[in-house]
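Below is one structure, written out as structure tokens, with a few remarks after it.
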Amino acid sequence: MDKSQHPAEKVVNQAAWMQKDTTNPLIVSEAEMPVPNDEDIIIRNHAVAINPVDWKIQAYPSFIGTFPFILGEDVAGEVFQLGKNVTKFKQGDRVIAYVEDGSISLTLGSLTWWVGRSHLNQLLTQKTPDGGFQLYSRTPAIRAAKIPASLSYVDGSVIPLALNTAAHGLYGTGEGFLALPWPSLQPVDSGKTILVWGGSSSVGALAIQLAVGSGVKIVAVASGRNHAFVRSLGACDVVDYNASNVVEKILKAVTSAGGAFAGIYDAISTAASFQYVLPVAEKLGTGNIAIVNPPPTSSVPSHIKFGNVIAVNDVSGPLWESYIPAALEQGQLRPAPEALVIGEGLESIQKGIDMSKAGVSARKVVVQL
Ligand SMILES: NC(=O)c1ccc[n+]([C@@H]2O[C@H](COP(=O)([O-])OP(=O)(O)OC[C@H]3O[C@@H](n4cnc5c(N)ncnc54)[C@H](OP(=O)(O)O)[C@@H]3O)[C@@H](O)[C@H]2O)c1
């Protein structure tokens, strides 16, 4: 934002719209300027990240109750306007946020996740100011964090949704969740070990980093080309899921890591991961598997419990208040996987969604605005 510009001055917002359920590519045109509620901030977005959920909703638009609709969850930019009760930020602060609010039921396959009034995006509020793929987005101040001057908007934008998703599985305390200790800037050895399947994915990369902050040892699974990356995040051992004897290799790595096995974070949660994750869980005698997609349809041993992770959760709230800005400042939390800038301007977002759908390896697709 131009520093001399005041919110009262006329600004023009633009968005990448889904005008109706068949809209593809997204249509860029003018959008209403978001108005903050008392606890909200308005962010002038300078970078937005693309998540698999964006292509999934575009492909299966039955989630959307009202058109036109604005996709997008991860934003990074400057605080443009403050709700009257917001003291945490000032105009011009550099922030990352996930854009959120509301209450909705999400049905994925046979699974329905009921979400209370919590986080995320226009998917929940069905209100266009709360979508991410626009120049100005609205979000509650409690779901945003300042970023250090050294962190670019592009890099910062890769964090929010993946962090929320990782945090729910790791810190949730209900059935199937891993209930780890909260992360700290001075991690204390918790004596626990976990398995993160899909360590090079966006969600997996955040799960590893948060778990390191929780003083937990992490055995990760990723393809061989990403082993150095996954180790750099803090995994003590990595197994290649394309190799032979995957289950045996994981069991050996977990045994070598030592500690009490606290569960599995399956950041992929498809048949491709379940075929290994379930035997590993059975052999380790563990019950808790945090999953990011619907559970397997095959029958599983009764001691195995799935924690249905959803990015839109209230578990991550305390992290946004203090841990995230401090951990970013100190480098304990770093933007990973690396941003892949697909283009500039809202017109590039469809290209980014298409690239996310085609699949990425240890990269997160970002558009600069
Ligand atoms: N429930 C929720 O609220 C929620 C929230 C966010 C995401 N999700 C879901 O979580 C999943 C991951 O999202 P994301 O953004 O993290 O994805 P992503 O970064 O786009 O995933 C790409 C990564 O997946 C890895 N991968 C692919 N197949 C694999 C396999 N069989 N085993 C291990 N790794 C594999 C690849 O690793 P290699 O290149 O190393 O092979 C690649 O680095 C998606 O299905 C997404 O829809 C759910």
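So here's what we get for this one:
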read-out: Selected residue [closer than 27 Å to G174 by Cα, more than 9 Å from the ligand (Cβ to nearest atom), at pLDDT 95 or above and touching a Ser or Thr at 6+ places or on another chain (Cβ under 8 Å)] from A290, A257; value: A257
read-out: Hits in the stretch 51-69 - residues which are within 22 Å of E32 (Cα to Cα), touching a Lys or Arg at 6+ places or on another chain (Cβ under 9 Å) and assigned to a loop (DSSP other than H, G, I, E, B); value: T66, F67, P68
read-out: Residue satisfying condition, being at pLDDT 90 or above, within 16 Å of the ligand (Cβ to nearest atom) and under 17 Å from L26 (Cβ atoms), within set V99, V53; value: V53
read-out: Test: residue in the stretch 318-330 that is hydroxyl-bearing (S, T, Y) and more than 15 Å from the ligand (Cβ to nearest atom); value: yes
read-out: Qualifying residue in the stretch 358-366 (condition: in a helix (DSSP H, G or I) and within 16 Å of the ligand (Cβ to nearest atom)); value: yes
read-out: Residue ID - surrounded by the most Cβ atoms within 10 Å (Cβ to Cβ), chosen from residues in the stretch 31-49 that are over 12 Å from T139 (Cβ atoms) and in contact with a strand residue (DSSP E or B) (Cβ under 6 Å, 6 or more places away or on another chain); value: V48
read-out: Residue identified as assigned by TED's automatic domain parsing to the domain that holds P279, within 16 Å of the ligand (Cβ to nearest atom), modelled with pLDDT of 95 or more and among the hydrophobic types (A, V, I, L, M, F, W, C) among V188, V212, V219; value: V219
read-out: Pick from the stretch 325-338, criterion surrounded by fewer than 22 Cβ atoms within 10 Å (Cβ to Cβ) and in contact with a strand residue (DSSP E or B) (Cβ under 7 Å, 6 or more places away or on another chain), ranking: farthest from L210 (Cα to Cα); value: E338
read-out: Residues located in the stretch 284-294, provided they are in a loop (DSSP other than H, G, I, E, B) and surrounded by 19 or more Cβ atoms within 10 Å (Cβ to Cβ); value: T286, V292, N293
read-out: Top-ranked residue of the stretch 260-272 - restricted to ones that are within 15 Å of the ligand (Cβ to nearest atom) and buried (at least 19 other Cβ atoms within 10 Å of the Cβ), ranked as farthest from S201 (Cα to Cα); value: I264
read-out: The lone exception for D354 - which of (1) within 16 Å of the ligand (Cβ to nearest atom); (2) part of a loop (DSSP other than H, G, I, E, B) it fails; value: (2)
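To keep it simple, each residue is scored yes or no on (1) outside the structural domain of W55 (by TED's automatic domain parsing); (2) assigned to a loop (DSSP other than H, G, I, E, B); (3) buried (at least 22 other Cβ atoms within 10 Å of the Cβ).
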| residue | (1), (2), (3) |
| --- | --- |
| P296 | yes, yes, no |
| S299 | yes, yes, no |
| Y323 | yes, no, yes |
| I342 | no, no, no |
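The values are calculated or read from the model by the stated rules, or taken from the named source; none is laboratory data. A quick note: this is a predicted structure, and the numbers were derived from the prediction, not measured. Cβ atoms come from the backbone with ideal geometry, glycine included; neighbour counts cover every protein chain shown.
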